[in-house]
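Peer 1: Before I ask anything, let me first share the structure, which is written out below as C-alpha cells.
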Amino acid sequence: MFRFDHPVILWMLLPPAVIVCGYLAWKRLRYTDALRRTTLVVIRSIVFALAALALAGLTRTRTHDRLAVIAVVDLSGSIRNLADLPLVPDMAASSDPGPEQLSAGRSRNLAYLQWWLSQASASDASNTGRKPDDLFGLLVFDGAPYAVSTPVIGPVNDDRFDVRLAPGTNIGEAIELAAAMFPPDVGKRLLLISDGVETEGQALGSATRLAATGSGGSSGRGIEGIPVDVVPIAYKVDNEIVVERVDLPPHARPGQTITVRILIRSSSQATGRLNVLLEGQPVDLNGAGTPGTSRQVTLKPGLNVESALVTLGEVPVNRFEAVFEPFEAGNASASADQLSENNRAEAFTLTSQKGTVLVVDAAYPGDGTILPRTLEEAELRVQTIQPNQFPTNPLQLQAYDLIILQNIPADDFSQSQQDYIAQYVQEFGGGLIMVGGYDALGAGGWDRTAVKDLVPVDMSIPEELRIPTAAIAIVLDKSGSMGAGVVGTRMSQQEIANEGAALALESLDPTDFITVISFSSRAHTVVPMSRIRDADEPAEAIRSITSEGGTNMYPALERAFEQLRDVDAEIKHVVCLSDGNSTPGEFDQLASRMRANDISVSTIAVGNDADAQTLERIAQYGGGEFYYVQNPRILPRIFVKDIRVIRRPLIREKPFAPIINPTGSPLTAGLGTVPPLGGLVLTQPRPEPEAQVLMSTPDSKPILAQWQAGLGRVAVFASDAQDHWASEWIGWPGYRRLWTQLARTTARPPGSGQFALMSRIDEDRLVISLDASGSELPDGQWLEVPASVYMPDGRTAEVHLQPVGPNVYEASISAPETGHYIVAAMPRVGARQLGLVIGGASRTSSPEYRSLTSDITLLRQIAQTTGGRVLDLADPAAAKLFDRTDIPPAIGAVPLWPALLWWTLTFFIIDVAARRLAWNKSTLLHAWHRITHSVQQDDREASGQAAATTERLRQVDRTQTRRARSSSGDESDLSGYDSDAPIPLASDDVVVDDKADEATGQKSEAPTAEELEQRRLQAERDRKKALELLKARTRAQRSDSESESEQSAPAEDDSAPGSLASRLMAQRKKRSDTDTD
C-alpha cells in the first residue's frame, strides 16, 4: 500500500503543473513534427509528476502484527521500604524459608516484582497472548531511569534488576525513556508498576505527550498513542516517625551559643531518644548534672519541636545532625517505626572565623609532620590528613581556607574529589599549594585532571626530555561473574574494569606499546601488541568486552608473556585483573620467567570471591604490586596508578642551587642565599604573563610559581618540603619564613561581614535570601546578586536574587535531591565586585519518605489519559499484556522520496538533452539505417576474412601432402587422396622447410617412429582448428546469401562421404595402422 505524508501538496501541484507544462510545451513546439512534440511533452510532464510525488511524501506502507511491551518498574526507596508485597508463591510454599525470603524489605518486594513480570510476560503461557515474534523489554527507575533490557524475543535478562541510581522518584522521565526504546514497525504498550509517589518531573504531562505519540494508526479508543497500563502498589504506613529538618541560624560568631530546633513528625504517639551531633561529636542535651548526652522524648501525633542550646566551635563550618531512635517494640510506651532512613536530618551554620589550613600527605605522621609543624609554629590553624580522609563533598571543603597537597598523586582522589578541588579554588575562592615529590604534579598524573588548568606551571613533559618506551599488557577477566552489577552505579564490574583499562591506555604516551587480552574459558586478544597511534580505537575495543564463560587465567598470562618478550621497549609490564578462582596452572613459574625477562607483573583481585592468594603470589614472583579491591568503583584509579608508578620520566634527582628571579615579590624578598635542593618534578613555565615564576633552576625550570585562578590563588613548589630533596632547607631560617608567607598569601581571605546569606529547604525548593543591611549603599541604589547553587549530584544552577524588600534579595530553586546545597553569591554594584558570600542548606531524607501513602489516583489518571488499563498486582495471569484488542496494528512506512528525486533528476537530464538536440522523425530513421548498414558491412568483412583463412589452410594442406609423399617414397598409400582436399598440418614452418628443401634439391631423411607420432598428434590438433574455422566460414556464407556483391562456396557436410572430415578420419586410421605394423 501507498500513502502520502502531504497529500495537499500533491493535489495543489500535480494537476496545474501537468496542464501548464503541457500547454506551454505544445504551444512552443507547434511548428515541430508530431513525434518530437509528443515526446517532449511527455518527458516534461513526467519530471513535474515525479517532483510533485516526492514533495507530497509518497510512502510505501506495510501493516505489522508484532507487539512490543516494555515494563517500567519503580524501585525507589518507598517501594523498597514502605510497600509490603507478598512472598513469591514458591517461597510462601516453602516449609523452611530462608532469612532472605522472610525479610519484609527490599529482597521480598523486588523478588515478587520479578516473579510477577516473568509470569505476565511468559512466552510459553497461552493465557498471556504472546506470539512467538512479540517483544518484551524492561526499564527500572528511582530518581533516574535505567534500561535493563531493550525489547527482545523471549525472556529478558534481569540480572541487573536491583540497581540504585538516584534518590527520589521520577515517573515522567522513566516512561518517556521507555517510549523511546520501542523498535520501529511494532505495536506498542507500556506497563508501569509504581506507587505513584513522584518527587521529580510531571508524570501526567509525560503521559499526555505519549497519548499523542502514535504507532501510525487509530487505536479505536479515541486516542492515538502509546497506552500505559498501570499496576498500582498500594500501601499506607500507620506508624512512622520522620525528622523533617534542623533549624539553625545561617551565620554566627565562633564560640557563640545558638538555639538548635529539631522538627519531628509522628503518625502516632511514640517514645525514643533524640541525639544531636556537632561535627560528628555528641552534644549534651540534658545539661550539667544529668547523665548522658541524649534526651528522652515522647512524641505526639503530628509535628513536634525540640530545642537545644549549643555552643559553636572555632571552625568556619559547623555541621549538625539530629537522630531520633525509637524504643524497641515491647516497651510499654513504644511505637513501631517502619523506616529508619528518615529518622535523621542535617544542617550547618557558618562563622566568620578564619579557616584552617588542610595539609594532605600520605607520609603523615612521619615526614609529613615537618611542614604542618612549621605552619603551626607561625600560629596558623593546621589539620593534617592522609589522602583517604579527604573531604567527599564541597561543603566539607568550605571549612578550610587553604589546601596543601604534599606529594599526592591524582589517582589517590576520585574524579569527583578532583573536580571539587578545582571548584573550591575557582568558584569559592579557596587557596591551593601543590608541593612536589615522586608522585606530585605531572609525575602524579595531575596533568590529566581538572586541576591542570589551575596551576601556574605547565605540567606536560618537556620536549627535550627523553621518555623511556613502555610496553603494557592488560589482562582482563571476562568470565560470567564479571557481569554482576555494582551497587550505586548503572554499571557492571566488567564495564567498570573496561573503563579502567581504557583510561590506563589513554594515560600512556603515543610511542608506547599496548596489548589487551581478555580471558574466560579461553584467552582472546582484544588489542594486538602495537603502538598507541590513536587511543580512541583500542579504547573502544576495550569498552566493548562482555562477560561470559568460566575463568582460565594461565593461557592469557602466557600469551601476554609471548607478546611482551620480543617487543623493543625499555619498560615491560603486565596488569592482570580477576574476580574468581582460575583453572590451576603453573603461575609461579610463569611469573618468575617474566621477571627474568625484565617483565613486571601486577595483579588486581576484585571482590570476596577472587583468588587473592594466587594473585598476590603472582605479583610477588613477578616483581609487581598486588591490589585487593572490595569496591569495584575505584578500579579505574587502580589501573591508572599501576601504570603511572612504573614510569617516572618527570623526576630529576640531582643537586642544584635554586635561583631567585627578580620579580619583586615579597615572598622571596630578603631570603638571601638559598640552600641547594636535591631534586624536583620537571615542569615548564606557562606562557600567560600572570603566572609568576619566583624561583627556578639554573636551566630555567620552575621551582616556585604562583598566580590567581578564578576567585582563588594557586602556588606550586616543584621540589619537596620534607627531609629528602629539601634536607638542607629544614634548618635554614628562610624555610619557615617562605612557607608561612606563602600560606598566608595563598589562603582565602576572611569575609567582610557586610552580607548575610541564608538558605533553607521549603517543601521541594531551596529558598535563598541575602541580607545586605550591613553594606553601605546610597539610598535608592540596588545590588545585583548573581549566585551559583551547587547541587548534591555535582550539577550547578545559576540564579539571580531579586529585591523583595529594603536590602533583602531572594530567589528559589527546585531541590528534590538529598544532600548539601551550597550557594555562592557574588553581590556587586555595577561592575564592582563586593566579595563572595557562601551559604547553603541540607536535605537528609528523600521527600518520598514524607508521604506515607501511595498515590493511586495519579496512576489511574495516567492510564485514563493514555487509554491504558489498571491491572491487579495479585494476578499476573489476568494482565494479558500481549492482548491486541485495543492495540492498533503497527504500520511500517518506507519513504520513497529519495528514489523519486533520483528519477526526477534523470528525466530532467533527458528533458534537457531532448530539447537542446535537433532531431525529428526523419533524422531518427536516417540514424537507424546507418546503424543497420554498419552492422551488415561488419558481417561481410568477417565473411571475407573467413574465406581467406580457408584458402590459406588448403595451401598448407597441399604442401604437407607433397612432403609426406617424398618422405615415404611410396605414393601408393595416397593414390586415392585428393590433393586439393584441405588437410592442414602443423604450421607455416612446414611450408618454409619444404621450400628450403626444394631450393637445395635435398630430401629430408625418413622420419622416426617418434617423429611420426608427434606429427600425428599435431595433425589431430590442426584438424580441430580447421573444423572450427570451416564452421565459422559456413556461418559467414549463410549470412551473405542475401547479398549480391559476395558469393562463397557452401560449407561441406562433415558427415557426408568424401567430405574433409571423413577424409581426415580415414587418413588418421591408415597412419595408425601403418605405425602399428
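Peer 1: Using the alpha-carbon centroid of each, what span in Å lies between the stretch 580-626 and the stretch 792-855?
Peer 2: The stretch 580-626 and the stretch 792-855 have Cα centres separated by 52 Å.
Peer 1: Using the alpha carbon gyration tensor of the stretch 241-351, what are the three equivalent-ellipsoid semi-axes (square root of 5 times each eigenvalue), largest first, in whole Å?
Peer 2: For the stretch 241-351, the semi-axes come out at 26, 15, 11 Å.
Peer 1: Ok, one more. Where does each of 522-529, 742-749 land if you order them by average Cβ count within 10 Å, highest first?
Peer 2: In descending order of packing, they fall as 742-749, 522-529.
Peer 1: A follow-up question, please. Could you tell me the center-to-center distance, by alpha carbons, between the stretch 688-730 and the stretch 898-938 in angstrom?
Peer 2: The distance from the Cα centre of the stretch 688-730 to that of the stretch 898-938 comes to 83 Å.
Peer 1: One quarter of the convex hull surface, Cα atoms only: what value does that give for the stretch 452-604 in nm²?
Peer 2: Answer in nm², one decimal: 10.8.
Peer 1: What's the exposure ranking of 153, 461, going from fewest to most Cβ atoms within 10 Å?
Peer 2: In increasing order of surrounding Cβ atoms, one gets 153, 461.
Peer 1: Do any GluC sites (Glu not before Pro) in the stretch 775-827 lie in a loop, going by DSSP, with at most 14 other beta-carbon atoms within 10 Å of their beta carbon, and if so which?
Peer 2: Sites meeting the loop and neighbour criteria: 776.
Peer 1: Here's another thing I want to ask about it. Counting DSSP beta bridges in the stretch 402-555, what percent are antiparallel, to the nearest 5?
Peer 2: So the antiparallel bridges amount to about 35 percent of the total.
Peer 1: Beyond 27 Å between alpha-carbons counts as too far, so tell me which of 478/572; 452/478; 188/236; 452/641; 572/701; 131/236 fall in that bin.
Peer 2: In this structure, 452/478; 188/236; 572/701; 131/236 lie more than 27 Å apart at Cα.
Peer 1: Oh, and also: For the stretch 756-837, what are the per-bin percents of Cα-Cα distances with bins 10 Å wide, up to the bin holding the maximum?
Peer 2: Histogramming the stretch 756-837 at 10 Å steps yields 17, 52, 24, 7, 0 percent.
Peer 1: Would you order 206, 934 from fewest to most other beta-carbon atoms within 10 Å of each residue's own beta-carbon?
Peer 2: 934, 206
Peer 1: While we're here: Restricting the calculation to Cα positions, tell me the Rg (one decimal) and the Dmax (whole number) of the stretch 339-412 in Å.
Peer 2: Calculated on Cα positions, Rg and Dmax stand at 15.2, 50 Å.
Peer 1: By counting other Cβ atoms within 10 Å of each Cβ, how are 922, 582 ranked from fewest to most?
Peer 2: Exposure proxy ranking, most exposed first: 922, 582.
We did not get these values from a lab; they are worked out from the coordinates using the rules stated. Predicted model only: the values in this text are computed from it and were never measured. With ideal geometry, Cβ positions are generated from the backbone for all residues, glycine too; neighbour counts draw on all protein chains shown.
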